[in-house]
Each structure stands twice: as C-alpha cells, then as structure tokens.
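Reading through the structure tokens given below for one structure.
All of the numbers you see were taken from the coordinates with simple rules; none came from a lab. All values derive from a computational prediction rather than experimental measurement. All Cβ positions, even for glycine, are placed from backbone atoms using ideal geometry, and neighbour counts span all protein chains on display.
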Amino acid sequence: MTIGSTSESPSVAAGKLLDIIEARFGAGLATARPARSARPRPDAESLRRSYLELLKICLTDLAGARTLSVARTTQGHVMSRQLEGEEARLRAVGMDWPLSGLTMVGLNRLDDLQQCVETIVADGVPGDLIEAGAWRGGASILMRATLDSLGADDRTLWVADSFQGFPQAEEVDRYDLGADLAAVDFLAIPEDEVKANFTRFGLEHGVKFVPGFFQDTLPTLGDGSWALVRLDGDSYDATWVGLESLYPGLAVGGYLVIDDYQPLDECRKAVDDFRAKYGIDEPIEQVDWSAVRWRRERENDIPRVQSTGPAPKPQPVERPAAGRVPAMQEYELRHELEDVHRRLAAAEAELEWLKERPWRGPRRWLGRKVRRRAS
C-alpha cells in the first residue's frame, strides 16, 4: 500500500476525522463506563452476568494490557496506534475501529443489546433475532451468548452481511464519516472468519449466516418472524431495505435497534421516512451517542416483502489479501520518504535543465535573490 500523492500527512488526515467525531459527538465520551467485569459469585445468575460482562470486555478488546485503534487515510488505507490513558474511552463508547476487537459498538451498546435480549426472553416475545451488518460478528456473538445463558436454545440468530465490505459509493467526500467505505479493505471480513469467531467462543450453534449485499438477501427473509432486529447498514438504501424487509415480521414487544441513527444523516433519514410512511409512532429511545431503538407496541399496516426465494450467490469483490495494519509511525515515515523522493526528483530535473543551458544558471540564481530581497 502506498500513501498516494497528497501532501497531507496520514496522521493529519486521521486526526481531522477524529476531530470531526469528537466535535459532533464529544458529549458521548462522558458516558463511557469502566471496562470492568462483575465479581463472580457461586449462584447461577451472578455467574451468568459475570460471564457476559467479561465477554463484552473481550469482544471490545479491552481485556488486555493495551489495545490498538485503527484510523483510515483519505485514500482508504488504514494504520494503527495505541490508545493511551483516557483515549480508551473512545473504545468504551464505540467511537473507533479496533485492530483486534470483534465489534466496534462499544460497551454501552452491548449493555443495551444484552438487556433487550433478556427482556424479550423474559416476556416471551416470539421470534428469532437478526443482525444486518455484523463486521467481525461481536454484537451477534453477545446475542447468542445471552440467549444461551438463559437457556433460549429454541431461537435462531441470523447474521446478515456482505462479508466483503461496502458497495461502491457514487460520491465521495474524503472527510465525510461514511465516505467511500467500500475502499477500506479493513472492513471486509470474510464469512469463514466470522464463523470462526463464533466457534472460538463455543457459540456456533443456532446461528444462520446470510451472505450478500442487503438488497439481494434481506428481501428473501420477508416471511421471517423476529423478536429483535438490529440494523447496522449505514446508508439510506441499506437501512431502508432492512426496515422494509424485516420490520413487518417484528413481533409486538420486539425491539428494533438502529446502530448509526444519530451520526449518519442518510441512516436517520431512512428511518424517519419509513416511520412517517407507515405511521409508526412508538417513541425512539436513545441508546448512546450513535444508536437508538424502539419497542414495537402495536401492529401497523405494513405489507410484507414477498420472499423471492434463495438470494443469488454473491459476486466476489476483488480485494487484496488481508495483511498486517502498519503503525501510524510507519505511514509517517513512508510519507516523509515519498516527499524526499519528490524533492530529489525535482532537483535532479532542474540539474538536467541547467546542464543543457549552463548560461541560464547565474541568471536564475540572481533572479531568486532579487525576489527574496523584494519580499
């Protein structure tokens, strides 16, 4: 990977994106909770809760001595840096991309998701659970673990994702939070890798994977019955097709969770348009700086999408083989080296020009000296 021809250094580009996040959602940092598990006690309920707390800390990569965060350049390349001290709050509230963690959503959203799963089981809300937009599968892993800890083995967890990143964006603003995510290979996690993550935690049973882009796959689930729907599609189209395909099958008492309702305008507009179209008036509840949810209180006259049968086999997107994520310092050194090469090439070109025109050298030198004095 190369930095590209821009004169802006990688750390400056990454820092600007972080500044945008902190300027718009900095208040969310104040809600960060400590990455701390509950003390295990011998009774079953205490052990269950301790297990889930420890699992959430592991999924967010906050269990070790240090954790690394990933930033992207304006060209879609990624680099890593260690979160120091108070910067760990970014991870706790889900404002960064973990290098090794299995979820980006942070502890607050995981806490709320666990509570939603526990509530639908306790209240006997019928239906399965589905996450549309899973990345490495961390949030879905927590849902399956919560179900298992409650003995709810009769419910299936569905995991829908392209498993090859985002579709190509038509317009790109390099400092837009959702800009050209299709170019970021770091976000493209193969299905086999996500399945392996479930297996590593002993949670591979009762899980069905739905590979492919949402417009091809979610309409095939239009006849499903859901107790919890979690949408993390970012864009207007992905959010709309998720709502249109899955919300009609959400049981009364079930939860609809939207991950990026607050930071991404397109996602919020899709939700607001859908609610307005079908007269959905259940109050939207804020989960944290990013996610919202509501609990379905009544049936709406929302037609089900007619299931079209099995989704077409997804066409693979050509991507380079996954490799290590360089440290930010490495990118800075590459950037500086490329700048030295550019200046050296310019000097060599000027030297060749002077060799061909030896009489021009003194005149050019004198002109530069006069201009410097005049300025």
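Quick notes on this one:
- Nearby aspartates and glutamates by direct alpha-carbon distance to K313 (threshold 12 angstrom, same-chain neighbours under 8 apart not counted): D216
- Ranking of R39, R33, R49, R91 by count of other Cβ atoms within 10 Å, fewest first: R39, R33, R49, R91
- For segment 10-295, the number of Lys pairs with C-alpha atoms closer than 29 Å, counting only pairs eight or more positions apart or on separate chains, is 5.
- Annotation: the residues D185, D301, sorted from fewest to most other C-beta atoms within 10 Å of their own C-beta, follow the order D301, D185.
- Stretch gain in nm, segment Q286-S225, where the contour uses 0.36 nm per residue and the Cα spacing is subtracted: 19.5 nm
- Ordering M104, M143 from the fewest to the most neighbouring beta carbons within 10 Å gives M104, M143.
- Contact order normalised by residue count of segment 10-295, Cα under 8 Å, 6+ apart, percent: 16 percent
- Taking the convex hull of the alpha carbon positions in segment 10-295 and averaging its projected area over all directions gives 14.5 nm².
- More than 22 Å apart - percent of Cα-Cα pairs taken over segment 176-300: 41 percent
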